[in-house]
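The values are calculated or read from the model by the stated rules, or taken from the named source; none is laboratory data. Here the structure is a predicted model, which is why all the values come from computation and not from measurement. Cβ coordinates were reconstructed from backbone atoms using ideal geometry, including for glycine residues, and neighbour counts include every protein chain displayed. All accessible areas refer to the heavy atoms of the entire protein, side chains included, with ligands and DNA or RNA removed. Shrake-Rupley method; radii C 1.70, N 1.55, O 1.52, S 1.80 Å.
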Protein chains: 2
Amino acid sequence: MVRALLTDEGSRRAAATDRSGHRPATLPDAVVRATTVEEVVETLRWATASRTPVVPRGAGTGLAGGSSARAGEVVLDLSGMDRIVAVRPDDQVAVVEPGVLTADLDAAAGEHGLFYAPDPASAAISSIGGNIATNAGGLRCAKYGVTREAVLGLDLVLADGRRVTTGRQTVKGVAGYDLTGLVVGSEGTLAVVVGATLRLRPRPAATATLAAHFDGLVAAAAASAALTAAGLQPSVQELVDAAGLEAVDAARGTALRSRGAALLLVQCDGHGARTEIDAVAGVLAPFATSWRATADPMEAEELLAARRAVLPALERTGDVFIEDVAVPRSQLAAAVAGVQAISARTGVRIATVAHAGDGNLHPVVVVERGTPVTEGAPWEAACAVFDLALALGGTLTGEHGVGLLKRTWLHRELGEDSLALQRGIKAVFDPLGILNPGKGI
Amino acid sequence: MVRALLTDEGSRRAAATDRSGHRPATLPDAVVRATTVEEVVETLRWATASRTPVVPRGAGTGLAGGSSARAGEVVLDLSGMDRIVAVRPDDQVAVVEPGVLTADLDAAAGEHGLFYAPDPASAAISSIGGNIATNAGGLRCAKYGVTREAVLGLDLVLADGRRVTTGRQTVKGVAGYDLTGLVVGSEGTLAVVVGATLRLRPRPAATATLAAHFDGLVAAAAASAALTAAGLQPSVQELVDAAGLEAVDAARGTALRSRGAALLLVQCDGHGARTEIDAVAGVLAPFATSWRATADPMEAEELLAARRAVLPALERTGDVFIEDVAVPRSQLAAAVAGVQAISARTGVRIATVAHAGDGNLHPVVVVERGTPVTEGAPWEAACAVFDLALALGGTLTGEHGVGLLKRTWLHRELGEDSLALQRGIKAVFDPLGILNPGKGI
């Protein structure tokens, strides 16, 4: 018997939505706090028998409404399954339960000289299970890949309670279809992840970091393109626009905006980190108003702090909706300019940070506190950004997922035949539609 | 109308099998040599209407019987669709037709200072379409990933002739289920790939290479494990055993075997290549009988030539069956020792090369010319290797695919529930079972 079945209003309210800004009109019927695989199995058997929809939930830090739940649904909270089962340095592999926080895994890997490559900005508060559900990315992905590339195998519970293992413990493997990669990014709609075998990598021998300021976003994007053209491959390449810099200055008492209207933060790693950052500086200098490089980790943290502070700083000034479009990297300049034009045209405040190395933009729509962000003018501005991304050959979501909020847009990106295949796959895994209905595809 | 429909015995015989050593008892009914997407569409519409099984075929270099065809089946030869449609250096992306040879793509990328990371030993003769079908690996995968990580999007024709596009042009993207990754490695059983958008990477600024000789495989495997423990990440780490070295010596007049019973070739790349190879030398030296490092590309090619020569050298001495098991890297020593024990016990000659960095072994079963390799004692030895890999927590196939030959083993690795899901997916894509029946899952 599942011990932690919660039906009080506080628990149901706490489990009703995520950090997307979406406000569900009703609350889920109950919350199951599972701490063992057996409890997950039991919950799903009961759900199948009673035809009750189940919304799997990790740390609740999603940004697309993927774990929103409503009346008639039961939330399956996996945050209590938070054991790091094993870190095997000889295999460069970790085995974890889904509720482990991403930063905690990275720290455990660090004790063995290893790291976990995907590093969503939410790493300190988001769980591996949620990272797997959304195929989370982060800052280092252009060099080291996204969550899908870091997941070697999964332990799943299907909607009917059957347990299935996918994947393997090896870096290579091609026995059967890639069910692991299929479940990664499926937003809890195909199966419940109760365990994951993850790839770790050796911590870089060294890092070197550079901050460059530019007159405007066009110059910064041109500088980023020049890095690509020069064949340099930083591990981090983060762009912050003027609106982002102004928010950080207001929150931290810095004067970043005075140095230019755009900031590009670049980090190189590996045995040649210093040599490569010198090459980066040589390429960026002609575009920049000023720049500073360092191989000192403390000083590097200081430079990167500006990037980390953007979202908290914006959240101090209002409610936010964080978009997540990605474009081919040659379209980065067009994308950031397009977002600024949308902001100017609609009068909706939008600050943009971007993972410049992989063309992944996070335009942050900021509204007065208490204003709904998923309707009216703010949502229309967000939709204009979706339109822009698709027009530039990009995608609606680079790393946050489709969830509830981008679902109506999905057919525009994927087309009907592709969606039909995806619905067919959903029916193979979950013929009764028990798992996270109305999310993802 | 499809112009190139071939029914002569020569064409049918040439398209009946691959390089696996499998000998089909009958020949396919016909071969369609498609040169346009429209011809593929037309062929599959006809096949669906007439319920004729179709075997997609690239360059025919497969090693698992994945493109073997027999009476009642029609081969769809895509080797004539061999255009490199675009190389877009600003996006680090290439768009290609499936018949492009992997080495030709890499050369085209090289003109822009880029490279295509997956580098199967067959790169000069195998096609991208075949690489996608088997999720091909190669030497550089431990650092740069396998084919699945290099494929951003696919143009597909379904069994009924419908065209579907999957994926995107961006590094990140999580709109919908990962149909791209599902088709990669599906061995032509889900759809026919008629186009691919591939990720390119900047060519490393420098490389440095080291060859180390060891008394035996145990010492070489221990040295490789020590590299892992030291947090070094070579781009190439190739192991050759005594039987392989003897064959190379006989073919090339070298004296590699006299320097030790095992050879480990290591390459590092990037801005810190020289520094890293020095660190590699420091770690390997205590285990090695001798070693030599170089940063000169010509001299490096000379060192790597020994590895490239192993298979051709073995093929001079008999017919071969190339196995492809992968084990967790901590099990590398146990795996190579186990293969040698199987060879000693069965009297079947087996030489082993291994991608040591990712635990992917290629034990090469060598028989007298004309002896069938997929039956009798050679096959029993091969099956003992499969057994060994599974017992060590590994997989039947790291990068060659299941094809025809490993199919009976698949349930052992995957289990019945996983296979049932995979059959369900197959039915979603190809409900009539038109595409490559009897292969893969």
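Between identical copies, the spacing of residue B:226 label points, each set 7 Å from Cα toward the C-beta atom, reads 4.6 nm from nearest to farthest. For the chain pair B and A, buried accessible area totals roughly 6500 Å², probe 1.4 Å, rounded to the nearest 100. For chain B, the longest principal axis of the C-alpha atoms and the axis of helix B:37-50 are separated by about 60°. Taking GluC sites (Glu not before Pro) across the range B:105-207, the ones in a DSSP loop with at most 10 further Cβ atoms lying within 10 angstrom of their Cβ are B:111. Rolling a 1.4 Å probe over the protein heavy atoms leaves residue A:291 with an accessible area of roughly 120 Å².
With no solvent and one equal point scatterer placed on each C-alpha of the range B:392-441, evaluate the Debye formula and give log10 I(q)/I(0) for q = 0.14, 0.26 Å⁻¹, two decimals. Result of the Debye calculation: -0.38, -1.11.
So which GluC sites (Glu not before Pro) in the range A:359-441 end up in coil per DSSP with only 11 or fewer other C-beta atoms within 10 Å? Qualifying residues, ordered by number: A:368, A:375.
Restricting the range A:11-120 to trypsin sites (Lys or Arg not before Pro) that sit in a DSSP loop and have at most 11 other Cβ atoms within 10 Å of their own Cβ leaves A:51. Taken over the range B:308-355, the convex hull of the Cα atoms encloses 79 Å³ per residue.
Springs between Cα atoms under 10 Å define the GNM used for chain A, and in it the highest mean-square fluctuation of A:247, A:229, A:121 occurs at A:229. Label-point spacing at residue B:26 relative to the other copies reads 5.9 nm, in ascending order, each point sitting 7 Å out from Cα along Cα→Cβ. For residue B:347, the point set 7 Å out from Cα toward Cβ sits 9.2 nm from its twins in the other copies, listed from shortest up. Residue A:358 exposes around 10 Å² of accessible area when a 1.4 Å probe is run over every protein chain in place. For residue A:258, the shell of other residues with beta-carbons less than 14 Å away shows a net charge of 0, using +1 for Lys and Arg and -1 for Asp and Glu.
Excluding residue A:416 itself, calculate the net charge of residues whose Cβ lies under 14 Å from the Cβ of residue A:416, where each Lys or Arg counts +1 and each Asp or Glu counts -1. After counting each charged neighbour, the total is +2. What the Cβ-Cβ distance of residue B:302 and residue B:23 gives, at R0 = 45 Å and to the nearest 0.05, is a FRET efficiency of 0.75. Positive end of the charge dipole of the protein assembly as shown (Lys, Arg +1 and Asp, Glu -1 on Cβ, about the Cα centre): tell me which of A:290, B:421, A:272 has its Cα farthest that way. So the residue furthest toward the plus end is B:421. Both radii come from the Cα set of the range B:1-120: Rg as radius of gyration, Rh as Kirkwood radius; their ratio Rg/Rh reads 1.04. All other residues whose Cβ lies under 14 angstrom from that of residue A:84 are scored, Lys and Arg at +1 and Asp and Glu at -1, for a net of -3.
Taking every C-alpha pair closer than 8 Å and separated by at least 6 residues, the mean separation divided by the residue count of chain B gives a relative contact order of 16 percent. Return the residues of the range B:274-317 for which accessible area with all protein chains present is lower than in the chain on its own by 20 Å² or more; set the probe to 1.4 Å and exclude ligands, DNA and RNA. Residues shielded by partner chains are B:275, B:276.
Give me the percent of DSSP beta bridges within the protein assembly as shown that run antiparallel, rounded to the nearest 5.
Numbers: 118 of 136 bridges.
That works out to approximately 85 percent antiparallel.
In summary, the convex hull built on the alpha carbon positions of the protein assembly as shown has an orientation-averaged projected area of 34.7 nm². Shown here: the range A:204-307, whose C-alpha atoms stretch 38, 28, 16 Å along the first, second and third principal axes, sorted largest to smallest.
Taking 1 over the mean of 1/r across every pair of different Cα atoms in the range A:309-441, what Kirkwood radius in Å do you get? It is 15.8 Å.
The convex hull drawn around the Cα atoms of chain A, when projected onto a plane and averaged over every direction, covers 20.5 nm². Legend: P(r) of the range B:84-202 from all alpha carbon pair distances, 5 Å bins from 0, whole percents, reading 2, 13, 24, 27, 21, 10, 3, 1, 0.
Carbon-plus-sulfur fraction of the accessible area of the range B:107-220, 1.4 Å probe, in percent?
Numbers: 1370 of 2710 Å².
Carbon plus sulfur share of accessible area: 51 percent.
Heavy atoms of the protein chains alone define the surface here; on that basis the protein assembly as shown has 34 Å² accessible area per residue at 1.4 Å probe size. For chain B, the longest principal axis of the C-alpha atoms and the axis of helix B:217-229 are separated by about 80°.
Averaged over the residues of B:53-65, the number of partner chain Cβ atoms lying within 10 Å of the residue Cβ comes to 0. Between residue B:345 and residue B:215, what FRET efficiency comes out of the Förster formula 1/(1 + (r/R0)^6) with R0 = 22 Å and r the beta carbon distance, rounded to 0.05? The computed FRET efficiency comes out at 0.45.
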